Amino acid sequence: MIMVNKNTFINWIIVLTTTCGTGFFILFPFMSMSSLSYSITLNFVLMMWMSIAQTLLRPALKSSYFNSHPIEEGGKIYEYLGVNFFRKLLVLSGWERSRKKETPIRKSLILLEYYEYRTRTSEFGHVIIAIIIAFISIYVCMVYSFKETIGLIFLNIFLNIYPIIVQRYNRPRARRVINKYKLRHPNFAKEIGNVVKFYH
């Protein structure tokens, strides 16, 4: 007999329910798909869905995709794309302060590892959302016109593409700090190894 953890089962039921609800909204929106209100609502519905799914399922996200590639070394390409300007906007909007309360960065290997993991979950979520919205934008362009997709495209860039860039810009820096910390405190790093695995 296959034993199923009750909490895991409930988590999957919640995720499947929210997925169905999100899919229903995408397929049968109660507002015009060419409107700005639809673009805004769509983004936040998808963000809520992804947040619930990742919180309950805790994906490992160990793919090599999350590693830094040669073209990304030093983050210069992202600086040219305006990542620092976007980060300033996050600070001014208060989002950065909220993020620091949720994922504080301190001189603790556990917190540093957790922060690095959160850069992966955040990026993964925004990648999935960006792809979904890209397909919807193509559909709206075909049914209506390219002009009607401007809101979708703009918000997709601002709410998903740039957050992806921020995570890919921050993660190599977080990993360098983690590696330096492990070199300075090798015994401590081994002791908490099992604890950190929970987040991976």
**Request:** State whether the residues of segment 109-124 include one that is more than 29 Å from TYR181 (Cβ to Cβ) and out of contact with any Asp or Glu (no Cβ under 7 Å at 6 or more places or on another chain).
**Result:** no
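A quick yes/no check of all residues on (1) among the aromatic types (Phe, Trp, Tyr); (2) closer than 20 Å to VAL166 by Cα; (3) touching a Gly at 6+ places or on another chain (Cβ under 7 Å):
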residue: VAL15; (1), (2), (3): no, no, no
residue: TRP49; (1), (2), (3): yes, no, no
residue: ALA53; (1), (2), (3): no, no, no
residue: LYS62; (1), (2), (3): no, yes, no
residue: ILE77; (1), (2), (3): no, yes, no
**Prompt:** Considering only segment 20-69, how many residues are outside any helix (DSSP H, G or I) and over 28 Å from SER145 (Cα atoms)?
**Reply:** 9
**Hits in segment 135-174 - residues which are crowded, with 18+ Cβ neighbours inside 10 Å and basic (Lys, Arg)** = ARG168, ARG171
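No lab work stands behind these numbers, since they all come straight from the coordinates. All values reported here derive from a predicted model rather than from experimental measurement. Note that we place each Cβ from the backbone using ideal geometry, even for glycine, and neighbour counts take in every protein chain shown.
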